[in-house]
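Trainee: Take a look at the following structure, please.
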Amino acid sequence: MLRLLHLRSLDALLTHAAAWDDLWRRSDVTIPTVQARLVAQWVRQFGPRALGSRAFQALAIEEDGQFVAALPLCAQRLGGWLAAGGLTGNAWTPAADLLVDPNTNREAVLDHLARAVSRLPWQLLWLDNAIIDAPRWQDFLAACERVGWSHEVQERFRISQVEIAGSWDEYRATWSKNHRQNMPRYRRKLCAAQGDVSLRVLRPQSSEDIAAALRRGFEIENRSWKGAARSAVLKSPGMFEFFTQQAELLAEQGQLELAFLDAGGRPIAFHYAWRAKNVYHPFKCGYDEAFAAYSPGQLLIDEVLREFFATGETAVFDCVGPATDFTRKWQTREYTVGRVAIAPGRLLGQAVLAAYKHVWPTLKAWRPEPRRSAPRVANERT
């Protein structure tokens, strides 16, 4: 028997945290920020202030005493007026995905979940950053069709991955000729100018060690183009504290890793990474602009991947953010992230979705292109 649980607050989520996290471990979702306490942390930081903990709602399906599907959501307003539900997570950090037990009767479970969408208080579900080519999302959309919900899917970007399989030399042979030549050349130049180049990996546990290591990393980011653009963590009020708390929660589960590229004993590039289910997510990256000529961000990836191929302890290097020329140099595959809009039977939501599907593309096509200033040219981006 399947049972629906409608979790209408963060308190309800945290009451069921053990069941929620157990489902995350059984699911094929690898980002660890979909665990209950990390979702709650995101909602407290970014959810609508006026709603407090009630900004969060989730649907969960229970079978034989354990969760077999769950969808975490947060209230939002489209265009400033239409009440909608979105996935928890934003540009600062992803914190949501569709969780499904791979060993359950997926069709029956997702049909139950899709029908339950009508119980939510919103006119529309507006789900950004869904992995739309993942089987779990494809199956959920098929369930929405079976229960009669209108929906639209649009690709937004792709994310690069590196599969850690075979030998380092076999993987390196898949690179372009320029990339194979550039990596050792950058290393030689950096060694000649600064001294020894090495990888340093930290897995701090105490609050003091975590805060100190994160600050060293984000100071590197602040010395990059992100600092000048005021998009660095240390230039954004409250964000260092947010990531410190997030890192503490991850460290409790053994899912925090900080990687530094040192040159002559000085850190010049770093990863704030999540490691879970044998997948490495270098979520926040940075490099010191003073060393840009040596491509320190690229050299750090080179060092990290060498280590993964040598130890065999990691299955996938997942770049998290939108694929760029920088990440495609390394990738062996990629996956697609997009927007899923669902209208669960309400007239206003259906009308807005119809306009989004049929009217907005026409308006967008006829809209004149804005005048753009010359783009900033950087030696590399991480």
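Trainee: Can you compute 3J(HN,Hα) from phi for each residue in the stretch 105-117, using the Karplus curve 6.51 cos²θ - 1.76 cosθ + 1.60 with θ = phi - 60°, rounded to whole Hz and x for Gly and Pro?
Mentor: Karplus-based 3J(HN,Hα) across the stretch 105-117 equals 6, 4, 5, 5, 5, 6, 4, 5, 5, 4, 4, 5, 4 Hz.
Trainee: Another question, if that's okay. Report, ordered by chain and residue number, the aspartates and glutamates lying within cross-link reach of residue 329, taken as a straight Cα distance under 19 Å and ignoring same-chain residues fewer than 8 apart.
Mentor: 163, 169, 170, 302, 303, 307, 318, 380
Trainee: Based solely on its DSSP helices, what 222 nm [θ] is calculated for the chain when runs of n ≥ 4 H residues each add -39,500 (n - 2.57) and the sum is averaged over all residues, nearest 500 deg cm²/dmol?
Mentor: -11500 deg cm²/dmol
Trainee: Over the stretch 165-314, what is the relative contact order in whole percent, taking alpha-carbon pairs under 8 Å and six or more residues apart? If you can, show how the numbers build up before the last one.
Mentor: On the way: 217 pairs, mean separation 41.3, N = 150.
28 percent.
Trainee: Which whole-number percent is the relative contact order of the chain (Cα, under 8 Å, 6+ apart)? It would help to have the intermediate numbers written out before the result.
Mentor: Numbers: 690 pairs, mean separation 76.0, N = 382.
Computed value for the chain: 20 percent relative contact order.
Trainee: Within 15 Å, Cβ to Cβ, of residue 76, how many net charges do the neighbouring residues add up to if Lys/Arg are +1 and Asp/Glu are -1? Mind showing how you got there, number by number?
Mentor: On the way: positive: 49, 54, 77, 339; negative: 128.
Here the charged neighbours net out to +3.
Trainee: Using the crude model of +1 on Lys and Arg Cβ and -1 on Asp and Glu Cβ, and no other charge, please compute the dipole size for the chain relative to its Cα centre, in debye to 20.
Mentor: Once rounded to the nearest 20, the dipole reads 1500 debye.
Trainee: From the phi of every residue in the stretch 343-355, what ³J(HN,Hα) in whole Hz does the Karplus formula 6.51 cos²θ - 1.76 cosθ + 1.60 yield, where θ is phi - 60° and glycine or proline is x?
Mentor: 10, x, x, 8, 4, 5, x, 5, 5, 5, 5, 4, 5
Trainee: Hey, another quick one. I need the shape label for the stretch 232-311. Rule: rounded when a/c is under 1.5, else prolate if a/b > b/c, else oblate, with a, b, c from the alpha carbon gyration tensor.
Mentor: On the way: a/c = 2.43, a/b = 1.13, b/c = 2.15.
Oblate, since a/c reaches 1.5 and b/c is not below a/b.
Trainee: Take 272, 171, 335 and order them by how many other Cβ atoms sit within 10 Å, fewest up front.
Mentor: 335, 171, 272
Trainee: Please list, in chain and number order, the residues 5+ apart from residue 276 or on another chain whose amide H is under 5 Å from its amide H, with Hs placed from the backbone.
Mentor: When sequence neighbours closer than 5 places are left aside, the close amide H contacts are 281.
Trainee: Any chance you could run the full-extension gain for residue 191 through residue 239? It's 0.36 nm times the residue separation minus the Cα-Cα distance, nm to one decimal.
Mentor: 13.9 nm
Trainee: Would you mind finding the longest exposed-site-free stretch of the chain, with exposed trypsin sites (Lys or Arg not before Pro) meaning DSSP loop and at most 10 other Cβ atoms within 10 Å?
Mentor: Working: sites that count: 230, 371, 372, 376.
With a cap of 10 other Cβ atoms within 10 Å, the longest stretch comes to 1-229.
Trainee: Per 0.36 nm of contour for each residue apart, how much would the distance between residue 253 and residue 293 grow if the chain were fully extended, relative to their Cα-Cα spacing?
Mentor: Full-extension gain reported as 10.7 nm.
Trainee: In the stretch 268-347, which GluC sites (Glu not before Pro) are in a loop and have at most 12 other Cβ atoms within 10 Å, using DSSP for the loop call?
Mentor: Sparse-neighbourhood loop GluC sites (Glu not before Pro): 313.
Trainee: Ordered by residue, what ³J(HN,Hα) values in Hz, to whole numbers, does the stretch 47-52 give under the Karplus form 6.51 cos²θ - 1.76 cosθ + 1.60, where θ = phi - 60° and Gly and Pro are x?
Mentor: Those phi angles translate into x, x, 4, 5, 8, x Hz.
Trainee: Amide H to amide H, which residues 5 or more places from residue 28 or on other chains are under 5 Å from it, using H placed in the peptide plane?
Mentor: Residues meeting the criterion, in which the H sits 1.01 Å from N, are 100.
Trainee: Let me ask something else. Please give me, ordered by residue number, the chymotrypsin sites (Phe, Trp or Tyr not before Pro) of the stretch 68-149 that lie in loop per DSSP and have at most 10 other Cβ atoms within 10 Å.
Mentor: Taking the stretch 68-149 and a limit of 10 other Cβ atoms within 10 Å, the loop chymotrypsin sites (Phe, Trp or Tyr not before Pro) found are 81.
Quick note: the coordinates plus some simple rules give every number you see, no bench work behind them. Keep in mind the model is a prediction, meaning the values are calculated, not measured. Methodologically, a virtual Cβ is constructed for each residue, glycine included, from the backbone with ideal geometry; neighbour enumeration extends over all protein chains shown.
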